[in-house]
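See below for the structure under consideration.
Just so you know, all these numbers are worked out from the coordinates, no wet-lab data involved. As the structure is a prediction and not an experimental result, all values here were calculated from the model. Here the Cβ positions follow ideal geometry from the backbone for every residue, glycine too, while neighbour counts run over all protein chains shown.
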Amino acid sequence: MNKFNLTREQNVFIAKRNIVDYIWKSANLEGIGVIYPETQVIYDGGIVNGLTVNNIIAINNLKYAWQFILENENIAYDFKTLCYIHKLVTDKLVLEQELGRIRTVPVNIGGKPSFPIESQIKEELQDLLNQPAKSKTEIATETMLYIMRKQMFIDKIKE
């Protein structure tokens with residue numbers, strides 16, 4: 001059973017009301033030491049002293065990715081879209097050739113995930129997204145956790 005039964009319009013409304021909070025929390029999860037008011041200033045197009053240019057770019061990139069999701073009603077839930085969102089989130093932060101592409105270098109996290117294989121990821125994503133016995137809430141949660149665990153993209157900021 002879905003925990004919530006909201007229309008797309010209701011979901012977009014809630015996301016827009018909370019978008020700065022979502023961006024602030026995401027930035028902090030990625031190790032960007034920004035406080036909520038600074039996130040709001042950056043979201044509104046302002047400049048914050050004491051943050052690196054890359055940190056400001058990262059926060060703006062999260063904003064652009066959210067805008068893409070919220071403004072495009074007919075987004076396909078597939079590997080291609082996932083790659084495009086990665087490109088939006090990491091633009092100007094990773095090497096150009098790595099934007100929206102499967103990583104080819106190891107990542108430094110616990111558990112050392114194996115190198116991702118595109119065909120396997122596509123198949124596993126489709127399996128996750130097409131589980132008829134599960135609610136949309138369960139599918140969304142499982143898909144998010146799968147993407148996080150798989151570490152299929154590079155996100156190290158270029159020096």
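Evaluate the chain: find the radius of gyration of its Cα atoms, find its Kirkwood radius, and give the ratio Rg to Rh.
With Rg and the Kirkwood Rh in hand, the quotient comes to 0.97.
If I require 18 Å or longer along the helix axis, counting alpha carbons, and a Kyte-Doolittle average no lower than 1.6, what helices from the chain are left? Use full DSSP H segments.
Taking the DSSP H segments of the chain (at least 18 Å long, mean hydropathy at least 1.6), we get none.
Could you tell me which residue out of Asn130, Val107, Met144 lies farthest along the dipole of the stretch 81-159 toward its positive end? Charges go on the beta carbon: Lys and Arg +1, Asp and Glu -1, centred on the Cα centre.
Positive-most Cα among the choices belongs to Val107.
Need the full-extension length gain, Met144 to Lys122, defined as separation in residues times 0.36 nm minus the C-alpha distance. One decimal, nm.
Computed gain between Met144 and Lys122 is 6.5 nm.
Do the alpha carbons of any pairs in Lys63/Lys92; Lys16/Lys63; Lys112/Lys136; Lys80/Lys150; Lys87/Lys150; Lys87/Lys134 sit beyond 22 Å of each other, and which pairs?
Checking Cα-Cα distances, Lys112/Lys136; Lys87/Lys134 exceed 22 Å.
Where does the longest stretch of the chain lie that holds no trypsin sites (Lys or Arg not before Pro) found in a DSSP loop with 13 or fewer other Cβ atoms within 10 Å?
Looking at the chain, 4-157 is the longest stretch - no exposed trypsin sites (Lys or Arg not before Pro) with at most 13 other Cβ atoms within 10 Å.
The chain: longest stretch without exposed chymotrypsin sites (Phe, Trp or Tyr not before Pro) (DSSP loop, at most 16 other Cβ within 10 Å), sites themselves excluded?
No qualifying site falls inside 78-159, the longest such stretch.
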